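The values are calculated or read from the model by the stated rules, or taken from the named source; none is laboratory data. Just so it is clear, the structure is predicted and the values come from calculations on it, not from any experiment. Here the Cβ positions follow ideal geometry from the backbone for every residue, glycine too, while neighbour counts run over all protein chains shown.
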Amino acid sequence: MAKARDGAVLVIGLGRFGRAVALTLEQLGREVLGVDQNPRIVQEFSNRITHVVEGDGTDEETLEQLGAREFRRAVVAIGADMEASILATAALSDLGVDEIWSKALTRSHGRILARIGADHVVFPEHDMGERLAHVVTGTMIDYVELDEGFALVETSAPKELWDKRLGDTALRKRFGVTVVCIKPKGASFTYATPDTVVGEGDVLVVAGETAKAEAFAELD
């Protein structure tokens, strides 16, 4: 049976990470219930997200009163308090929330969260640090690792591709990458096809094994 608030998301903890999640969900047109113990934060977000309440997100009884059982998805965005994040995750799991996303501070913290019911464990600081490290040490514009050993890389088109059709470049054979989309200079991103002609100043998003995608981004 579908839950009463199937498309809504419960966000516990409205610190920097939690508020970014909640506000982005609002921008995406999702109903959000934010829960935080700080009355100042609750007041600040009273007109910025769908619903926000002051309450203890680690307490199962409080969460049940707030209707947590009706949510299919929840995010435990509690920051530095490891115990609180564990308690909140366990409470949501006991209440039968289908998908729980929990923020972790360390790998051991993440393992505990997974064992007690978190379906997805995220490491915002670690992931952002890794992403930044890839960008600042090379010529790539952005980097997202989709899975261990496989990444999407945004980079400027190398000179050897200028004025050539992608279908004539044999990129997959030569470099082990695939151009997913392209942003022509002064235009918006669009899907890449074999007939796409690459120009100077174009931006490419390529997919491939991490090492190969990074090596492609290093091309002049």
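Can you tell me which residue is nearest to G18 (Cα to Cα) among those in the stretch 90-108 that are over 19 Å from the mean Cα position of the chain (by Cα) and outside any loop (DSSP other than H, G, I, E, B)? In this case the residue turns out to be L92.
Listed here are the residues, each with its yes/no results for (1) exposed (fewer than 14 other Cβ atoms within 10 Å of the Cβ); (2) modelled with pLDDT under 90; (3) among the charged types (D, E, K, R).
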position	(1), (2), (3)
L105	no, yes, no
R111	yes, no, yes
G117	no, no, no
P124	no, yes, no
G129	yes, yes, no
G138	no, yes, no
I141	no, yes, no
E145	no, yes, yes
E148	yes, yes, yes
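Within the stretch 25-53, the set of residues being under 26 Å from I116 (Cβ atoms) and loosely packed, with under 15 Cβ neighbours inside 10 Å comprises N38, V53.
Can you pull out the residues in the stretch 187-204 that are free of Cβ contacts under 8 Å to residues at least 12 places away in the same chain and assigned to a loop (DSSP other than H, G, I, E, B)?
At the first step, the residues of the stretch 187-204 found to be free of Cβ contacts under 8 Å to residues at least 12 places away in the same chain are 187-188, 190-191.
Once the filter is applied, which keeps residues that are free of Cβ contacts under 8 Å to residues at least 12 places away in the same chain and assigned to a loop (DSSP other than H, G, I, E, B), the stretch 187-204 yields A187, S188.
V153 falls short on exactly one of the conditions (1) part of a loop (DSSP other than H, G, I, E, B); (2) at pLDDT below 90; (3) in contact with a Gly (Cβ under 9 Å, 6 or more places away or on another chain), and that condition is (1). None of A80, A22 is out of contact with any strand residue (DSSP E or B) (no Cβ under 8 Å at 6 or more places or on another chain), assigned by TED's automatic domain parsing to the domain that holds G110, of a type in the set (G, A, S) and in contact (Cβ under 8 Å) with a residue 24 or more places away in the chain except A80.
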